[in-house]
Amino acid sequence: LLAAPPSAPPRKGPPGAPRKSAVPEAWLTQLRSSDEAQLKSAFDEVRAAGESGAAAAPAVTDALLQGLPPALAEAGLATLTEVSAAAGVPAFVLYMHHRQSSVRRAAARGLAKAGGPEAVAALQRLLRDGDAGVRGLAAQL
């Protein structure tokens with residue numbers, strides 16, 4: 001007699017729904033760090049993970065909401081835009097008011113990808129931005 005193969009652990013949620021992947025503890029530690037090099041490394045790793053990096057989107061958003069220097073903010077906003085734009089809307093809205101236009105452009109890209117009522121309302125406000133690049137990105141939705 002052949003033994004039956006071990007069964008997979010029971011799924012939570014509706015059939016066919018994607019499983020939520022766990023966020024590596026190393027990412028969480030880096031994303032909670034005040035060290036810019038660790039944050040940049042975490043953003044790069046999450047972005048490189050593609051879809052599986054989406055589970056880290058709330059931690060990336062939290063890091064951005066703490067306030068970051070412009071280059072680091074741009075990296076974090078780009079990460080959210082690539083892995084889970086909808087989860088990043090609070091950070092995109094915060095950074096759409098940044099003094100540097102490159103940061104506002106990164107926020108506009110995320111808002112355009114995220115869609116939804118809050119993102120659309122924010123993009124409408126960005127249509128009046130002083131930077132033509134920001135206005136152009138906002139007009140793409």
> Does L72 satisfy the criteria of being in contact (Cβ under 8 Å) with a residue 12 or more places away in the chain and surrounded by 22 or more Cβ atoms within 10 Å (Cβ to Cβ)?
Replying inline: no
> Does the range 100-141 hold any residues that are touching a residue at least 24 places away in the same chain (Cβ under 8 Å) and not in a helix (DSSP H, G or I), and which are they?
Replying inline: Q100, G115, G116, D129, G130, D131, Q140, L141
>> For the range 90-104, give me each residue that is of a type outside the set (G, A, S) and surrounded by 21 or more Cβ atoms within 10 Å (Cβ to Cβ).
In response: F92, Y95, M96, V103, R104
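Conditions tested, residue by residue: (1) among the aromatic types (F, W, Y); (2) open to solvent by less than 20 Å² (accessible area, probe 1.4 Å); (3) over 21 Å from D131 (Cα atoms).
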site: V23; (1), (2), (3): no, no, yes
site: A42; (1), (2), (3): no, yes, yes
site: A49; (1), (2), (3): no, no, yes
site: S52; (1), (2), (3): no, no, yes
site: A57; (1), (2), (3): no, yes, yes
site: A78; (1), (2), (3): no, no, no
site: G88; (1), (2), (3): no, yes, yes
site: A106; (1), (2), (3): no, yes, no
site: A112; (1), (2), (3): no, no, no
> Which members of the range 26-40 meet the condition of being within 12 Å of L68 (Cβ to Cβ) and touching a residue at least 24 places away in the same chain (Cβ under 8 Å)?
Replying inline: L31, E36, L39, K40
> Which one of these is open to solvent by 30 Å² or more (accessible area, probe 1.4 Å), in contact with a Leu (Cβ under 9 Å, 6 or more places away or on another chain) and acidic (D, E): D131, D62?
Replying inline: D62
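The values are calculated or read from the model by the stated rules, or taken from the named source; none is laboratory data. Just so we're clear, the structure is a prediction, and the values are computed from it rather than from any experiment. Glycine also receives a Cβ, built like all others from the backbone with ideal geometry; neighbour counts cover every protein chain displayed. The protein model used for the area step is the full one, side chains on, heavy atoms only, and it has no ligands, DNA or RNA in it. Shrake-Rupley method; radii C 1.70, N 1.55, O 1.52, S 1.80 Å.
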